[in-house]
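Here's the structure we're looking at; comments come further down.
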Amino acid sequence: MMPPPWFISILTMILSLAPKSMSANDENVSSCSARIHCGDIQDIGYPFWGLDRPESCGYPGFRLNCNDDKPEITIMSATYRVLHINTSSQLLQVVRMDYTESICPTYLLNSSFNSTPFAYNRESTLDIWLFYGCQPLTDVQNNSTSTQGISSQFECTINETNIIGYYLTRNVSETSFDTVIRNTLGSCNYSVSIPVMSSEVPSLEEIGNSDILEEALSLGFELRWSANDSMCKSCEDSGGQCGHDLITAEFTCYCSDGSYPRDCRLTPQ
């Protein structure tokens, strides 16, 4: 005797749902076990995502792109080339893409990390200031101010306009020419804040020219990040894969038997 059609429909629905649920979870575990490989950056997982790793396997703001075997990340509208990633200490070394080939980019944009998971590694990174569209600092230069953190003059062509530029490595109040500098650099058309490795500042101050500035900028600087890293370690230690729930915006540990808020252990969360 054949079962009624309604029974077959219900049974079919139940059987189709169970494998789908298991399959979806297996897919999460498999996807998040993938690692990012791009140029010198290899075997990178959470909190980074991109390439073979879907967004649910990472943390917001950590998307990596690979351009000609060079990894890149965009933070607050500025794109950075990634030079090194240390996941154990949550350190990221990056360099501004628009300053990799020239100190005179078309668009002048500050490096900013407010309201992001990133912050300067203050143990190794310092801000310097670049000024564009300035008048010649004749009075200041005659007093050898390069030793006070003021660069020699450099020239730029931005949007087909020739302009004069300088960089400053320290607060003007720390210099002996603070009034002259404040009045002169304050009249420059543009200023940009750029971080560099603090180890480069002595050379920037002692030599004070555009070649040294280009070299310092090419080395980049370090950022620290915070992205539920301790929770991820607990998840991985229990055999899971770390991720981010795109609906709840909460950390998620993907396990073979389901998704959990912290780890795969069958203990109260």
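The values are calculated or read from the model by the stated rules, or taken from the named source; none is laboratory data. Please read all numbers here as calculations on a predicted model, not as lab measurements. Note: ideal-geometry Cβ built from the backbone for every residue, glycine included; neighbour counts use all protein chains shown. Ligands, DNA and RNA are stripped out before the accessible areas are found, and what is left, the full protein with its side chains, is counted by its heavy atoms. Shrake-Rupley method; radii C 1.70, N 1.55, O 1.52, S 1.80 Å.
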Anything in segment 236-257 that is surrounded by 14 or more Cβ atoms within 10 Å (Cβ to Cβ) and more than 13 Å from PRO47 (Cα to Cα)? List them, or say none.
SER238, GLY240, TYR254, CYS255
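Within 23 Å of ASN114 (Cα to Cα), among the polar types (S, T, N, Q) and either touching a Gly at 6+ places or on another chain (Cβ under 6 Å) or surrounded by 19 or more Cβ atoms within 10 Å (Cβ to Cβ) (or both): does that describe ASN228? Steps first, please.
On the way: within 23 Å of ASN114 (Cα to Cα): yes; among the polar types (S, T, N, Q): yes; either touching a Gly at 6+ places or on another chain (Cβ under 6 Å) or surrounded by 19 or more Cβ atoms within 10 Å (Cβ to Cβ) (or both): yes.
Yes.
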Can you find a residue that is at pLDDT below 90, out of contact with any Pro (no Cβ under 6 Å at 6 or more places or on another chain) and open to solvent by less than 10 Å² (accessible area, probe 1.4 Å) anywhere in segment 201-219?
yes
One residue from LEU217, LEU223, LEU204 being under 20 Å from GLY165 (Cβ atoms), touching a residue at least 60 places away in the same chain (Cβ under 8 Å) and in contact with a Phe, Trp or Tyr (Cβ under 6 Å, 6 or more places away or on another chain):
LEU217
